[in-house]
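Have a look at the structure below before the remarks.
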Amino acid sequence: MTTLSSGTGAGGSLASVSPARKLKDRLVQGLVYLAFALAVVPLLSVLWTVAVNGAKRLDPTFFQFSMNALSGKDAGGGAYHAIIGTLEQVAITTVIAVPLAILTAIYLVEYAGNGRLGKLISFTVDVMTGIPSIVAGLFVLALWLLTMGFGFSGFAGALALTILMIPTVVRAAEEMLKLVPNDLREASYALGVPRWRTVCFVVLPTAMTGIITGVMLAVARVMGETAPLLLTIFFTKAINNDPFNGPQASLPTFIWEQAADPNQNSIDRAWTGALVLIGIIMLLNLVARLVARRAAPAGR
């Protein structure tokens, strides 16, 4: 009886590797590292630039005060009003978009099959994925503000962000649901469990980790959108805790407004606003990972 280590054939021992193959392996490995560096170096450069410039105004005043009654050249001031506006607008967007998107994904994967309605919904989602963000803002401006007569508000901005968030979550949830093994569904059906209970208690918990990750990616995308908010929430330097009444600030519009002012104090506030926005996104992603880890089924 022979072993693989002692066996030889026309090509020699299985343990030996030709120099040409070693060279190719090293070359491909080097190309992979080079591609990784080309992708990471610009990202690290951006993060470093934002951190260095944003640290100049990263003080308690920035988080405690608004820009009310202050001009661009004045020192001090902060982004409290913009931080509150961003958190409220993204929260409303998430509450509206995530249930609709997940229900749509469940229908496409579990119920639609090859039906016409499923194909139509899938095509519509693909089209919505490529819609420029300013088009979503123009749609809400035309329908919600001009046609229906509502005023500028954080809720109007949330509606525009919802249009951008839904297709991203739908695609992410759809892919995660497709990855759930059919054996789990068939085992549940074999026990006489209805389809809706199978989806709620077998399929969704299995795919929950990936769905939460997709939701956070969508949140990160819409949290940095500026164009639709410029058309729907307007500008304000005062604190407005009511997203349903009156103009409301947000971090993207705050950064845009401060960066457009040539005064150094405004530019410093813009850098700090960008740093805070990145920090909020990173914090939300960390929380999502912890939630996803807790929500994952045992043994995964």
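The values are calculated or read from the model by the stated rules, or taken from the named source; none is laboratory data. Note that the coordinates shown come from a computational prediction; the quantities given were computed from them, not determined experimentally. When we count neighbours, we look across all protein chains shown, and the Cβ atoms used for this are built from the backbone with ideal geometry, even at glycine. Accessible surface areas use protein heavy atoms only, side chains included; no ligands, DNA or RNA. Shrake-Rupley method; radii C 1.70, N 1.55, O 1.52, S 1.80 Å.
Numbers below:
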{"read-out": "In region 107-153, residue nearest to Ala173 (Cα to Cα) [restricted to those that are aliphatic (A, V, I, L, M) and not in a helix (DSSP H, G or I)]", "value": "Ile131"}
{"read-out": "All positions within region 215-242 that are assigned to a loop (DSSP other than H, G, I, E, B), within 23 Å of the chain's Cα centre (by Cα) and farther than 29 Å from Arg289 by Cα", "value": "Ile233"}
{"read-out": "Residue match in region 91-102 (condition: at pLDDT 90 or above, crowded, with 20+ Cβ neighbours inside 10 Å, touching a helix residue (DSSP H, G or I) at 6+ places or on another chain (Cβ under 6 Å) and within 30 Å of Phe65 (Cα to Cα))", "value": "yes"}
{"read-out": "Some residue of region 242-253 being over 30 Å from Leu143 (Cα atoms) and charged (D, E, K, R)", "value": "no"}
{"read-out": "Thr2 being open to solvent by 60 Å² or more (accessible area, probe 1.4 Å), of a type in the set (S, T, N, Q) and either at pLDDT below 90 or in contact with a Ser or Thr (Cβ under 8 Å, 6 or more places away or on another chain) (or both)", "value": "yes"}
{"read-out": "Selection count, region 256-281, where residues are touching a helix residue (DSSP H, G or I) at 6+ places or on another chain (Cβ under 6 Å), in contact (Cβ under 8 Å) with a residue 40 or more places away in the chain and of a type outside the set (Phe, Trp, Tyr)", "value": "10"}
{"read-out": "Single match in Val180, Val169, Val199, Val203 (criterion: part of a loop (DSSP other than H, G, I, E, B) and crowded, with 16+ Cβ neighbours inside 10 Å)", "value": "Val180"}
{"read-out": "Tally, over region 62-76, of residues that are under 18 Å from Leu277 (Cβ atoms) and exposed (fewer than 15 other Cβ atoms within 10 Å of the Cβ)", "value": "2"}
{"read-out": "Failed item in (1) farther than 21 Å from Thr86 by Cβ; (2) touching a residue at least 24 places away in the same chain (Cβ under 8 Å), with Trp144 passing the rest", "value": "(1)"}
{"read-out": "So Lys24, is it of a type in the set (D, E, K, R), open to solvent by 70 Å² or more (accessible area, probe 1.4 Å) and in a helix (DSSP H, G or I)", "value": "yes"}
{"read-out": "Number of positions in region 261-280 that are of a type in the set (A, V, I, L, M) and either modelled with pLDDT under 90 or under 12 Å from Ala82 (Cβ atoms) (or both)", "value": "5"}
{"read-out": "Single residue of region 200-244 satisfying the filter (among the polar types (S, T, N, Q) and in contact with a Gly (Cβ under 8 Å, 6 or more places away or on another chain)) that is nearest to Tyr111 (Cα to Cα)", "value": "Thr232"}
{"read-out": "Residue match in region 46-53 (condition: at pLDDT below 90 and either outside any helix (DSSP H, G or I) or open to solvent by 90 Å² or more (accessible area, probe 1.4 Å) (or both))", "value": "no"}
{"read-out": "Of all residues making up region 82-114, the number that are touching a Gly at 6+ places or on another chain (Cβ under 6 Å) and over 30 Å from Val202 (Cβ atoms)", "value": "3"}
{"read-out": "Hits in region 215-224 (condition: modelled with pLDDT under 90 and either closer than 15 Å to Gly137 by Cβ or in contact with an Asp or Glu (Cβ under 8 Å, 6 or more places away or on another chain) (or both))", "value": "Arg221, Gly224"}
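So that you can scan it fast, the table gives a plain yes or no per residue for (1) surrounded by 14 or more Cβ atoms within 10 Å (Cβ to Cβ); (2) among the small types (Gly, Ala, Ser); (3) at pLDDT 95 or above:
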position: Ala112; (1), (2), (3): yes, yes, no
position: Leu117; (1), (2), (3): no, no, no
position: Ser122; (1), (2), (3): yes, yes, no
position: Val127; (1), (2), (3): no, no, no
position: Gly130; (1), (2), (3): no, yes, no
